[in-house]
Structures are given as C-alpha cells and as structure tokens.
C-alpha cells in the first residue's frame, strides 16, 4: 500500500516541528483542505513531551479523534542539539590500520571567523583511545590489497564491550569503492554482541575525502542512541494518544521525509531537519504570490536560518556543517546564526552585543515570566511597542514591566537610555541577520535587491521590515500561518533520499563505461529504497546531479545532470558547471580540463499535497486597537489589526501591528501592506 492510499481513509495529517522555544503544530484534513494550527512551549529536557503536548492540543482544537490521523510528520532538532552541545553517546570507531588519527588531524585550516592566534581545536566526538585499528586495505578503485583481519575485529569488539559502549562507527580506507570489508565487519561485530548499533561509512557517506567521511560517520554513531531512543518515545507517545496506526515520517536535511526506520540507522540525516521543512513551506508560500526569487528568513527563539531560492527548488549542498563539524550529507543550503527572539543582549568591551547565547524556552525572555532576567530581543520589541502584550490569541500574557527592568539593567551598564538600548538591541540583531543574508546572496554572486524577503517563524515578521529596507529588497511576503510554517512545510514535503558515489573521470572522456555502470547501480539502489517506502512507480522520480571541478582544484560544484549516461549529457553538464562557476566566483575557464568527481541521485516519492483552503473575509473592520510605538526618538500611535479579519485587497499603511495566533507582523512607517487573494501579506516601501 502506498502512502497516498494510506492517507485516504482516515484523512487527517499531523505535522509537528520542535523548536528551541516553541513546538509548532499543523493539522490538515486532506479531503477538504481545512487546517488548524497550534503552538505549545518546547520541553528541552525531553522534546518528546512537547511533541505529545502539541499533538493533544491541536486535536482538541480541531475536535478530531486520534483514530482519524493517517500519518504524522516531524521535524526534530535532537541530532542537531546533541552535536552542537557535544552531549552525544560514547561511541567507538574502527578504521584501517595506520589511520587512527584522521579525526584528530582534520584539515589544516581554522574556522573563517576565528582568530588564528587564539583558536583551539575543538574536542572530537571520538577520542583516540576509543579508535581501534583493523588490519585491512582496499585500493582507490576497490581492489583488495590487504585481507580483512577478523581476529582484529573480534578483539576490538571485546574491548569496546568492556568499556560499556554500544554505538560503533566503521570507516575503512576507500570503502566507498568497495564496501565488502565494512559489511563483513558489521557481521562480526553483531556476532560478538547483537546489541551493538553500527554505522558504516559506505552507507552513511560513500564518497572520498577521509576526514569528512570519517567525521560524518562518527557523528552518525554519536547521535544514533539518542535519536533511536527519541523516535521510540515518539512512537510510544503516539500509541498512548491512540494514534497507533498512523505512520511516523521524519524530515531530513535535504527537505524530504522518510520513515522512522531509516532515521534510526542514519540519524545524521536529520542535522537540519526543522530548518529544511521551513524552506519547503517558504517555497510554497512564495509560489502562491508567483515569486520564485526568495530569501527566506526563519527566526525562532534561538536561531535565524537563511536560505536563498532562485527558481523552483532550493539549492542542495553536500558541504554543510553543524557547529564546527563537517556533515557532508545532502542538505538544503541553509546558513544558520545564533539570532532569535530569545537571544541575550549584553555588554561586551563597553559595547552592545546580542547572541548567540539564548534564553531558550526555559527560563526564556524576561517578559515570559518563567524566571529569565536578562534582556533579550523579544524584551526589546515589547519595550519599543512592536509587540502587543498578549500572544497566542490571548493565551500568553507578556510582562512588560519585567522586560523594561531587564533592558534598564543593561542600559545602566552601557550608560545609555532605556529606549535607545532597546532600539540598539534590535539594530544589532538585525545587523547580524543582514550579514548572514549577505553570506548566501552577495558572497554567492546574487544581489538581494532582486529578491523578495520571506520571513517566518515566531519572530520573523517582526524583523522583516527592518531587514528588507536595509538591503533594498523589492518586497516582503508574509504567509498565512507564518509562525508555524515549518510544520506546514512538513505537510507538503515529498519522500526523498539521496544516494551518492565517487567516480573520477578525466578529459578526454573516451571511456564512459564506468559512468554507465555507476548510473545503473545508483538507479537500482534508489528504486529499491522507494519500494521499501511504499512508493509506486507512478509516484517515483529520480533527479541526478554530478560533481565537477577544474583539474587540480581542491573542491567541486554540484550541477544537475539531465539525460542518460552518454557523452552528450556529460558535455551539457560541463557547460552548466562553467556557468555556475562564473556565477559563484565571477570567472570560468572553458579551456581548462574538467574532471567529474562523483554522482548523486535523489530518489523522490511524490506524495499527494493537501489543497489548503484560503478563505478571506468580506470587507470589514479588522482594526482591534492601537498602542504607542517608539520611532525615530519619539512615540507615535500605531494601529493593531487582527489578520483573520483582513479582507483581500486591504491596504494598511505603516506603522501597523498585525496580530495572528502564531506570529506578529510589524509594518514600519513608510511601508505599505497589501492583502493578496492568496492570503499572503505583501509589504513594500511607499513610493
């Protein structure tokens, strides 16, 4: 049975995105397109509790019985946070003899923003004392040089078990070319102890570059016990809520969803789970307004995630990272910084700094009344009047006096006034995000002025007006349900998994037999995965990409591959490589030899999308009140509108505050907001 067949009866789909401060929930009836949204506080000590609370909350809101839910989609930060906070499981690594210190050596560079004189190499997820050398060796083309020593493996298994370790990574030299030794190693380890959880590099990342492959595999083992336990708790929670027959699907960093069994084996694939779902939702929102040139800005409580979309699909990168570690699995090209509503403002060397430390969900900003006392970005918005004192349709009351006390304490340290300090907090946070936007645009050869800004997340529409004005962007698009857009993105995501292999092919490309063989092998692998996920042939789609570089270059660019494994398709792909190189680096070298370094196929299982209903009310009075807003050194009156009462073609001049259950939009003085038939708000500078 396919997933679409599964979802026809019952008809409800449930999506939950867990953030640092709030857990966002969307429920949709696929037969009618009716949608319900909810926000509940996240539970950092155990995210599965917030997950279940969100499920319960939205089902009660919609008055829907649990048995009517067909499948549950989820974006999670469990793997991400475990890597960032270095609190993964103790694990071991088996590697080829002579390569014990690959992780320790790493690359001979330092992070771009670091001071080369004070930077200290961070702790590795697996220290040398838990790395075991195994006698074996494959050549770069997959030929066995040294047979595998089964005795070494059994001895390592005994020592690993004696240390109480259950998660084991295996990364042998050139296993991407021939995985036989790694597969046999897994068999032996399980013979010695069936409770071992094993990560093979030939399955996690079957490509060359030993450090990146070793690190990605090590991180997979590092988070595997945590993610496996977490997924188990989710399934238990769903059963307790009587959602026992629905299938649990989790979103991967590439923007696709997959079954829980796949995530248990390859949890590192969820490193950018939640942000990826947000980009999918943002692309859908942009399509409603006919705009495909977007810069998306997802601002939650702890971070801001930025992505540039130039066309129908967001770009996929295989050179991403989480924190300081390279994670070279396919992921949407998202740039993340520590800037959110909970980002803490402080005095640094006599000046004002904001983030990356965050008050998170607990204790949260001072205005949340949960014990926070430090000034945050949310507190500054409240002090300046950008936020009303009631959120979530009145379910959450903000403590303005507490916010003012927190900002005042910081103002005294800085020797500035209360409102100047609050405005400074907003300006610094905005400047941090503007810098991040330039990383994904200007530094990649794109002009932000040619793009629309699509802010979302709980704090995105509060900052969108400031940021778009500073960058001269052509418009701001604020979608319905913008505060829970990541959960909505889950509802429209397709199943997806990526399969890649290394292949070195040099000019003059006389023999393409290896290319043809690799195409066939990857296609078989991709179609087998789609079959295990219940995807019928008419729902399946394969998307090919190839990695190219100029001869002697140390990095590659991924470009789409169209057509079969023949010379004509190869030449067309090389032309796209030249064009992309010029876009990114302002030059190309059409007379230089080009090398093919690898292939990737994305297996996509197209799922039926909900037909979301947009019902705009007839013309009426959507204004619900007004409050004072601090602007240009003084106070001005600012009307407040209820977004659910705004009719199509309504025009709202700034300054204005537009409230909805899941977010607040702040329209600046000098800007104008228009309500589209799609329900999107379009904000532009007044001419």
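Below are the figures for this structure:
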read-out	value
Matching option when the condition is within 30 Å of residue 585 (Cβ to Cβ) and out of contact with any helix residue (DSSP H, G or I) (no Cβ under 9 Å at 6 or more places or on another chain), among 436, 348	436
Residue that is modelled with the highest pLDDT, among those in the stretch 671-687 that are farther than 14 Å from residue 476 by Cα and surrounded by fewer than 16 Cβ atoms within 10 Å (Cβ to Cβ)	677
Cross-chain or 6+ apart pairs with Cβ under 6 Å, the stretch 204-227 first and free of Cβ contacts under 8 Å to residues at least 12 places away in the same chain, then surrounded by fewer than 22 Cβ atoms within 10 Å (Cβ to Cβ) and part of a loop (DSSP other than H, G, I, E, B)	none
Residue 228 vs. criteria modelled with pLDDT of 90 or more and outside any loop (DSSP other than H, G, I, E, B)	yes
Residue satisfying condition, being farther than 30 Å from residue 99 by Cβ, modelled with pLDDT of 90 or more and in a helix (DSSP H, G or I), within set 234, 219, 248	234
Any hit, the stretch 110-125, residues being modelled with pLDDT of 85 or more and out of contact with any helix residue (DSSP H, G or I) (no Cβ under 7 Å at 6 or more places or on another chain)	yes
Positions within the stretch 44-61 being touching a strand residue (DSSP E or B) at 6+ places or on another chain (Cβ under 8 Å) and more than 13 Å from residue 488 (Cβ to Cβ), in sequence order	47, 50, 51, 53, 54, 55, 57, 59, 61
Members of the stretch 656-682 that are more than 22 Å from residue 470 (Cβ to Cβ), in a strand (DSSP E or B) and touching a residue at least 60 places away in the same chain (Cβ under 8 Å)	659
Of residues in the stretch 436-457 being touching a strand residue (DSSP E or B) at 6+ places or on another chain (Cβ under 8 Å) and farther than 16 Å from residue 337 by Cα, the one modelled with the lowest pLDDT	444
Count of the stretch 50-65 residues which are surrounded by fewer than 20 Cβ atoms within 10 Å (Cβ to Cβ), part of a helix (DSSP H, G or I) and touching a residue at least 12 places away in the same chain (Cβ under 8 Å)	5
Some residue of the stretch 456-470 being closer than 29 Å to residue 545 by Cβ, in contact with a helix residue (DSSP H, G or I) (Cβ under 8 Å, 6 or more places away or on another chain) and in contact (Cβ under 8 Å) with a residue 60 or more places away in the chain	yes
Filter result for the condition that a residue is farther than 30 Å from residue 485 by Cβ and surrounded by 12 or more Cβ atoms within 10 Å (Cβ to Cβ), over 144, 151	144
Counted residues, the stretch 619-655 - those being part of a loop (DSSP other than H, G, I, E, B), without any contact (Cβ under 8 Å) to a residue 60 or more places away in the chain and in contact with a strand residue (DSSP E or B) (Cβ under 9 Å, 6 or more places away or on another chain)	7
Criterion: assigned by TED's automatic domain parsing to the domain that holds residue 597 and part of a strand (DSSP E or B) - qualifying residue of 518, 503	503
Any hit, the stretch 464-479, residues being over 30 Å from residue 684 (Cα atoms), under 20 Å from the mean Cα position of the chain (by Cα) and in a strand (DSSP E or B)	no
Test: residue in the stretch 536-556 that is assigned to a loop (DSSP other than H, G, I, E, B), touching a residue at least 60 places away in the same chain (Cβ under 8 Å) and not assigned by TED's automatic domain parsing to the domain that holds residue 278	yes
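The values are calculated or read from the model by the stated rules, or taken from the named source; none is laboratory data. What you see is a predicted model, and the numbers here were worked out from it, not measured in a lab. Note: ideal-geometry Cβ built from the backbone for every residue, glycine included; neighbour counts use all protein chains shown.
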